[in-house]
Structures are given as structure tokens and as C-alpha cells.
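The structure appears below as C-alpha cells.
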Amino acid sequence: MNLVGITAFPFSGKSTVINLLLKRDNNLKSENEGRITVPDERIEILSQIFEPLKKTPAFISIKELSAFDMRKKVESSLINDLKNSDVIAFVARSFDVSLYPYIYPDVDPKRDIRKFLDELIIEDIAIAEKRIRTGTKGLKKSSQEEREIEILKKVLPILEEGKLFRDIDLSNEELICLKHYAFLTLKPFLLLLNISEADLSNTLQIEDDFTNYLGNNTKVLALSAKLEEELSLLEADEAREILSSYGLENFGLERFIRACYDLLGYMTFFTVGKDEVRAWQIRKGSNALEAAGRIHSDIARGFIRAEVISYQDFIDSGSMNEAKKRGLLRLEGKEYMVKDGDILHVRFNI
């Protein structure tokens, strides 16, 4: 399960943002984690065709983490929660301070983002220093551990200059070596910029500005949590009409899902049948064997072949039988590169 952990400085509107994402009532604020269903017209159409007993859409798991309060020592439990998150999301306040108290006398989201990221860099430095200190004795020549120490010695002085891990020029081999350390500034970063209603018409320009400010492996989503909370109480058509008056086509929730998919490198494939029609998330560039493992480890272990057809070819054919007649239903091996929208049936034997 891939998890998006969401934190913020106090009084930034984090709870309001979580309410929107989880469609959470104010009376249910104790529920600090949940799943967001990924809307996908394809699974709806496939379910109409196969009429399964069960329909299972893809989802994104999110968790509201405790506030990142710079006025006191940051809790170790919060750091652990960030380490266990696949995407770190930070709600930054960009609405008028006079409307609501804040920990600073003024509102400066870029300052707040930099302070937050600096704290993450400090955590990464501590991990690197400890690993170098405890891991330099007794290493075998050319061992994996020796290679890790070599890379960490290379990046440590760069981190100490205030540079983020993800902005350091590392090869794929070096990144793979360090993957299990869960360095915080190496994780995908999603900025949830909580702006005022007055700034909504400039959403795209604001997002571009902060995207340029943040750099690699980041996404920026600017939204007015207060306005969207009010819109959530209206009929869908009326709410969307009001949103479009600000020049926006999609609600924050819809844009949040897309941003998470992009950061995680996700695409979707499907399994279909009378028992269940299901959407599965998998990273782009995955092969058929990895897709089989996503369904069940036993299926991957006993993999023989995968029957594959693209969603569009299936819809154009009208049925699996017709697709077979047209030669569109193919048998593929383990190394077949799965594409977004593929419908898979894996043949296996264990």
C-alpha cells in the first residue's frame, strides 16, 4: 500500500484539507486516515459489461499526520510517520493572517516550505552520519555496504550545504543503493498550497511559480480549502459552475489524485470477470510478471502467460470472443511491458 502522509505547520488549514480529501465530517476528525477512490470511467464501463458481483476501483491511501510545530522539538513519531510515507505532502498557508491566528506574524509560504525542508535535511544528515560512523569497520571489499558508505560520503557535504537529496545528481544505481534508508528529501514531495479565494483566478501562475521554486520530483496543488469546503455542501453541478467561474475545471480532490499518480509513477490495468472487475495500480515500466505479483504473489510464482488486450481494443470489439476473432487478444510472456488500460488474465500453475 502506497501512503501519502500529510503534515503542516499549525493553523495552516490542514484539517480542512483532509476533510475535503476524505469527505470527512467535522464530527469525525478522529478518523485521520483513509482511502480516496480513484475515479475512472473505464472501470464503470467494464462493470456494466461484465455485471460482476464486486467492483473494486483503485485507491490512494492518505494519513493526516500531527502538525510540524517549529516552536518545540519535533516529535519522533512524526518523523517516523514521514519515513513510512511514500509521498510527503505539506500544507502551506497562503491566506490572510488577519482571518486566523498563525505561528508567525506574517504569511510567507516560501519561508515556511524552506523551514520545513531544512528540518527534513537535518534528519537526512543524521541518518547519513550515523551510517558512515557505524559502517566503516569490517566491510568486505566491493561489498554492498561499502558502496553505500561511498555514496553517503559523497552526498553528506552536499546535504550540509542545504541541498535536498532529490536535487543531488545521483545515478539510478546510486539511488537504488540508498532506497532502503527512506531519506526524507529523496521522497516525492507534494505541496498543498492553501490560498485565499481572491487568489483562485491566479491558480496556474501560482502553481508554476512554486513548482519552479521546489524543483525535482515535486508537485504543487494550489486550492482554497475554505471555499471548496463550502462548495462541497452544494449540488455538484452548482459547485462546478462556481468553480469554473474562477477558471478552474477540476476540484482539489481530483487534482490531488492526479498529482499523486504522477509522483508515484502510477498507471492502471484491469482484471475482469463475473466475480469481480478490478482496477490495479502499478508503476509505469512494469512488466507482466510484476503485474501478476500485484494481483497475488502465488500468481507471479506460477506465471505461465498473460492474456492481454487493451481497454480500447476490447471496447471496439464488443466482447472477448470478437476480440479473439480479430486477433486482438494476445498471449504475452513475463517481460511484456504493461500499458495503462491493459486488461490482463494471467495463466499460472503452482
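Only the coordinates and a few stated rules stand behind these numbers; no lab work does. From a predicted model like this one, the values you see are computed outputs, not experimental measurements. Counting neighbours? That spans all protein chains shown, and the Cβs are built from the backbone with ideal geometry, glycine included.
Roughly what % of Cα-Cα distances in segment 185-316 sit above 21 Å, to the whole percent?
Beyond 21 Å sits 58 percent of the P(r) for segment 185-316.
So if the hydrodynamic radius of segment 214-254 is defined as the Kirkwood radius over C-alpha pairs, what does Stokes-Einstein give as its diffusion coefficient at 10 °C and 1.306 mPa s, in µm² per second?
In µm²/s, the coefficient is 140.
Starting at 0 and stepping by 20 Å, how many percent of the alpha carbon pairs of the chain end up in each bin?
Bin by bin from 0 Å, the calculated values are 25, 50, 24, 1.
Could the peptides 109-116, 229-236 be put in order, highest first, of the mean number of other beta-carbon atoms found within 10 Å of their residues?
109-116, 229-236
Give a residue-ordered list of calculated ³J(HN,Hα) values for segment 54-71 (Karplus: 6.51 cos²θ - 1.76 cosθ + 1.60, θ = phi - 60°; whole Hz; x for Gly, Pro).
So the Karplus estimates, Gly and Pro as x, are 9, 10, 10, x, 6, 8, 10, 8, 10, 9, 7, 8, 5, 5, 8, 8, 6, 7 Hz.
Report the one residue of Gly333, Thr185, Leu200 whose Cα lies farthest in the direction of the positive end of the charge dipole of the chain (charges on C-beta: Lys and Arg +1, Asp and Glu -1; origin at the Cα centre).
Gly333
Starting from the Cα of Arg305, move 7 Å in the Cα-to-Cβ direction to define the label point; list residues of segment 313-350 whose amide nitrogen is under 14 Å from there.
Residues 324, 327-336, 345-349 qualify, since their backbone N sits under 14 Å from the label point.
Using θ = phi - 60° and the Karplus form 6.51 cos²θ - 1.76 cosθ + 1.60, what ³J(HN,Hα) does each residue of segment 32-48 get, whole Hz, x for Gly and Pro?
9, 8, x, 10, 9, 5, 8, x, 8, 4, 5, 5, 5, 5, 4, 5, 5
Fully extended, how many nm does the chain gain between Ser201 and Leu156 (0.36 nm per residue separation, minus their Cα-Cα distance)?
This chain segment gains 12.0 nm when fully extended.
Counting only C-alpha contacts under 8 Å and six or more residues apart, can you give the relative contact order of segment 3-263 as a whole percent?
22 percent
Place the peptides 295-308, 254-267 in order of packing, highest mean first, counting for every residue the other Cβ atoms within 10 Å and averaging per peptide.
Descending mean neighbour count gives 254-267, 295-308.
Counting only helical runs of four or more DSSP H residues, what would the 222 nm mean residue ellipticity of the chain come to if each run contributes -39,500 (n - 2.57) and the total is spread over all its residues?
-12000 deg cm²/dmol
Explain nothing, just compute: Karplus ³J(HN,Hα) = 6.51 cos²θ - 1.76 cosθ + 1.60, θ = phi - 60°, for every residue of segment 223-236 in order, whole Hz, x for Gly and Pro.
Running phi through 6.51 cos²θ - 1.76 cosθ + 1.60 with θ = phi - 60° gives 8, 9, 4, 4, 5, 5, 5, 5, 5, 5, 8, 9, 4, 4 Hz.
Along the charge dipole of segment 124-241, pointing to its positive end and built from +1/-1 on Cβ of Lys, Arg, Asp and Glu, which listed residue (Ile158, Gly135, Leu214) has its Cα farthest out?
So the residue furthest toward the plus end is Gly135.
Once the other residues with Cβ under 15 Å from the Cβ of Glu197 are scored (Lys, Arg +1; Asp, Glu -1), what is the net sum?
For residues surrounding Glu197, the net value is -3.
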